[in-house]
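Quick notes on the structure that follows.
The values are calculated or read from the model by the stated rules, or taken from the named source; none is laboratory data. It should be emphasised that the depicted structure is a prediction, and the values quoted were computed from it without experimental measurement. Note that we place each Cβ from the backbone using ideal geometry, even for glycine, and neighbour counts take in every protein chain shown.
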Amino acid sequence: MIRELLTLPQEIAWLPWAVQYFFFIGLAASASLIAVILRWWKHGEYKGLELLVVGFGITAGIVGPIALLADLHQPGRFFNFYIQMAPWSWMWIGAIFVPLFVVFIIVQFLLLLRENTTKEGTYKWFRALHWTDLNASRWLEWTSIGLLVTAFMILLYTGKEVNVLKSQPIWFTPWLPWVLFFTAFQAVPMCVKAWNSLSSRWSRRQDETAILSRFQLIGLIGVAITLIGWAMSNTPAGAAFRDLPNKGSVWWTIGLSLLIYWLVLMIYSIVNFNHRRINCRFIDLLLALGSLSLAWTVRWAILMQSQTLPKYNVVINPYHLDWGFSGFLGILATFGLWLTLVIIVWSLLQDRWLTFKGVQYGS
């Protein structure tokens, strides 16, 4: 009887919807931080690059909350956060800041569109961007503050929501929120590089490439430091991390894939640190997929694969990805929606609909 109780498998609590939410909201928040840094550090000098970064971020910022609603199984559960005060709960804090973040990133995107375009030559449905005598540059200084605060709170609550759970030793570490942040942060510059190289209208300025490479380098160094710090920490979480290779071959596969992604992206960032030495659209796209895979794989390992580790028992808890709405189909649907939004925003930033200021055309 005692043996049966000790070896009773535990059910998986979080589904792949959570991975999708953490992945997309992390990308959106990281893109927002980079855009705010560009605004304050360079004082609006890189308006076009800032627009591309926020344009990328807004696609993920819309898909993320949709995945969150699917993870909650019904919209009513999300509504309950607003009728019951629970400031001690990180999920309640998230429910407050997620809508605010989405509002701020949409406003930021619209203001950047106004700042980068002119009313003359713009398609009639988009001329509303230029109504009134609003000074977009001045307003962007204030909306950047709101975007910065809400993006920071998104990154904080998503990390702490997992970090505070003591039932799984590997989660209970201050390194975890930093790992989630840096893995998302490193993906944004590479994706913007690929976006820029695939576009036929945006100038490929060498200084913009250098700035993106430096952001990416910071993110990749952060990934290495936080993962090594997690593994070397003298805590139950560190011991659990070091014991992962003994928990099955899947952990070897995850670790090897992350190492390959990291090494290739690091080499590319160093080579293009000052100016673009490798100018190939196919390579940019391939490495963008690699950077996204690094961010997604870490979240899958933390949120899903780690749930198979023993908590209250002594055996591995089984999990098999099903093909239905709560498994593969849900993952495919969110990525499909995101790709659709990327195509829409990418098309919007072409010359067909809007007339952009002072943009040099690339080859």
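Annotation note: Cβ proximity below 8 Å between a residue of region 280-307 that is more than 16 Å from Leu180 (Cβ to Cβ) and at pLDDT below 85 and a residue that is hydrophobic (A, V, I, L, M, F, W, C) and assigned to a helix (DSSP H, G or I) (sequence gap 6+ or interchain) occurs for Arg281/Ala194; Arg281/Leu198.
Residues that are touching a helix residue (DSSP H, G or I) at 6+ places or on another chain (Cβ under 8 Å), surrounded by 22 or more Cβ atoms within 10 Å (Cβ to Cβ) and polar (S, T, N, Q): does region 261-271 have at least one? Yes, because at least one residue in region 261-271 is touching a helix residue (DSSP H, G or I) at 6+ places or on another chain (Cβ under 8 Å), surrounded by 22 or more Cβ atoms within 10 Å (Cβ to Cβ) and polar (S, T, N, Q).
Can you list the helices (runs of 4 or more DSSP H) found entirely within region 1-104 that contain at least 2 residues being modelled with pLDDT of 75 or more? Steps first, answer last, please.
Values: elements: 2-6, 16-41, 47-71, 75-83.
Passing ranges, in order: 16-41, 47-71.
Of the residues that sit in region 141-162 and are of a type outside the set (D, E, K, R) and surrounded by fewer than 20 Cβ atoms within 10 Å (Cβ to Cβ), which one is farthest from Met304 (Cα to Cα)? Reasoning before the result, please.
Taking region 141-162 and keeping what is of a type outside the set (D, E, K, R), we get 142-159, 162.
Now restrict to residues that are surrounded by fewer than 20 Cβ atoms within 10 Å (Cβ to Cβ): 142, 145-146, 148-149, 152-153, 156.
Working: Trp142: 39, Ile145: 34, Gly146: 32, Leu148: 29, Val149: 29, Phe152: 24, Met153: 23, Leu156: 20 Å.
Among those residues, the one meeting the criterion is Trp142.
Evaluate region 138-151: report whether one residue or more is of a type in the set (Lys, Arg), modelled with pLDDT of 80 or more and out of contact with any helix residue (DSSP H, G or I) (no Cβ under 9 Å at 6 or more places or on another chain). Spell out the reasoning first.
Going residue by residue through region 138-151, those that are of a type in the set (Lys, Arg) are 138.
Remaining after also requiring modelled with pLDDT of 80 or more: 138.
From what's left, out of contact with any helix residue (DSSP H, G or I) (no Cβ under 9 Å at 6 or more places or on another chain): 138.
There is at least one residue in region 138-151 that is of a type in the set (Lys, Arg), modelled with pLDDT of 80 or more and out of contact with any helix residue (DSSP H, G or I) (no Cβ under 9 Å at 6 or more places or on another chain).
Within region 16-67, the set of residues being over 21 Å from Ala194 (Cα atoms) and aromatic (Phe, Trp, Tyr) comprises Trp17, Tyr21, Phe22, Trp40, Trp41.
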